[in-house]
Amino acid sequence: MSSKIKTYNPKEVIVTCGTHIVTGYADDSFISIEPNGDGITKKTGCDGEIARSISPDNTYKVKLTLLQTSDSNSYFSGMVDLDRDTGNGLFPILIKDLKGGLVFSTEAAWCVKKAPVTRGKETNNREWELDTGDAAMNE
């Protein structure tokens, strides 16, 4: 078998939030992970000298898109309610592609707010926006 052939299977991407295993992913893109920091920025002086700054922000914005019928909608909705009521809505996240490649983890994440609800002739998706504390992403 050639080592140049790679296989991706969305069924082998797992997302755990605390003890909850997320299920009921949307039919297309279902995970988005975006760093919040500015990465590495630069300034160039009038004489051409360049100074670089490395952002200390290791936090991320994670978006999970789920089918409206996913049981995970209830989990995230409950976590928003818990956080608003008690401030105890933090949970760790692990996102891993079991075929290799992506591993994302953080000890502290929370739902920003409840995902919008849409109903129509066919099923719709719900997008949950999560913020994280310090996190690590390896590819």
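The values are calculated or read from the model by the stated rules, or taken from the named source; none is laboratory data. All values reported here derive from a predicted model rather than from experimental measurement. Note: ideal-geometry Cβ built from the backbone for every residue, glycine included; neighbour counts use all protein chains shown.
Whether a residue is of a type in the set (Val, Ile, Thr), surrounded by 15 or more Cβ atoms within 10 Å (Cβ to Cβ) and in contact with an Asp or Glu (Cβ under 7 Å, 6 or more places away or on another chain) was assessed, and Thr65 passes this test.
Do the conditions hold for Gly24, that is, is it surrounded by 15 or more Cβ atoms within 10 Å (Cβ to Cβ) and on the phi > 0 side of the Ramachandran plot? Yes; evaluated as a whole, the condition is true for this residue.
Among residues of the stretch 110-139 that are closer than 21 Å to Asn58 by Cα and among the β-branched types (Val, Ile, Thr), those with a Cβ under 7 angstrom from a residue that is part of a loop (DSSP other than H, G, I, E, B) and at pLDDT 95 or above, sequence gap 6+ or separate chain, pair up as Thr132/Thr59. Of all the listed residues (Thr106, Thr65), the sole one being in contact with a Gly (Cβ under 9 Å, 6 or more places away or on another chain), closer than 30 Å to Thr7 by Cα and not small (Gly, Ala, Ser) is Thr106.
In the set (1) among the β-branched types (Val, Ile, Thr); (2) under 27 Å from Gly89 (Cα atoms); (3) without any contact (Cβ under 8 Å) to a residue 40 or more places away in the chain, the condition left unmet by Ile50 is number (2).
The residues of the stretch 74-104 that are part of a helix (DSSP H, G or I) and surrounded by 14 or more Cβ atoms within 10 Å (Cβ to Cβ), listed by number, are Tyr75, Phe76, Ser77, Met79, Val80, Leu82, Asp83.
Let's see how each residue does on (1) at positive phi; (2) under 10 Å from the mean Cα position of the chain (by Cα):
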position: Asn88; (1), (2): no, no
position: Leu94; (1), (2): no, yes
position: Gly100; (1), (2): yes, no
position: Ser105; (1), (2): no, yes
position: Trp110; (1), (2): no, no
position: Thr118; (1), (2): no, no
position: Leu130; (1), (2): no, yes
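Taking the stretch 30-47, which residues are surrounded by 12 or more Cβ atoms within 10 Å (Cβ to Cβ) and in contact (Cβ under 8 Å) with a residue 24 or more places away in the chain? Correct list: Phe30, Ile31, Ser32, Ile33, Pro35, Asn36. In the stretch 105-136, of all residues being modelled with pLDDT of 95 or more, in a loop (DSSP other than H, G, I, E, B) and among the charged types (D, E, K, R), the one that is nearest to Ser72 (Cα to Cα) corresponds to Lys114.
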